[in-house]
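Reviewing the structure listed below.
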């Protein structure tokens, strides 16, 4: 009995340090929606068709899949559209302010954004929090890398996962080069992402 309790506690500690779970309403389902309300219905239908052909089984993405296109509103104004960054390596991160591991790895993105410049496109998409919460977080921490809103959680349909932070590195060819769920400290994550980015840039 003591052994079982010890095992349970160890598992709980690992989960708490590496990632945040999410309920089925927010994550784990596949969809064909786009965050940019101005995109036409025709483009949405075309995007949905492409995604169904290129994503993994049951909508779960895997290395080598074509990354689903999306458009998100950036906190500093303007928007980020994945397809407009073709030919670049792109790092997509889904996160929330209430998620400790998400917040803990943020300095890694700041460092990567500064180091790679135009070679790398970074967009960290906040999951289902209001704009005021996101803006306050950015101001408090002084982050300068691109952070986007997703109040409706539509990105969670396009990039389904059972937990956050959820990070996808997309190669120059538009295909997924790496998927990372959860996070350790910022220094460890920086080294992990840098290795994957350098490999994708070759």
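If I ask for residues that are at negative phi and either in contact with a strand residue (DSSP E or B) (Cβ under 7 Å, 6 or more places away or on another chain) or not in a helix (DSSP H, G or I) (or both), which ones from the stretch 172-191 would you list?
Scanning the stretch 172-191 gives 172, 173, 175, 176, 177, 178, 179, 180, 181, 183, 184, 185.
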field: Lone qualifier among 138, 164 - being at pLDDT 95 or above and in contact with a helix residue (DSSP H, G or I) (Cβ under 7 Å, 6 or more places away or on another chain)
entry: 164
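For every residue, the table says whether it meets (1) at pLDDT below 95; (2) touching a strand residue (DSSP E or B) at 6+ places or on another chain (Cβ under 6 Å); (3) at negative phi; (4) buried (at least 22 other Cβ atoms within 10 Å of the Cβ).
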| residue | (1), (2), (3), (4) |
| --- | --- |
| 66 | no, yes, yes, no |
| 69 | no, no, yes, no |
| 79 | no, yes, yes, no |
| 83 | no, no, yes, no |
| 93 | no, yes, yes, yes |
| 107 | no, no, yes, no |
| 119 | no, no, yes, no |
| 131 | no, no, yes, no |
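The values are calculated or read from the model by the stated rules, or taken from the named source; none is laboratory data. For clarity, every value in this text was computed on a predicted model and none was experimentally measured. Please note: Cβ atoms are built from the backbone with ideal geometry, for glycine as well, and neighbour counts cover all protein chains shown.
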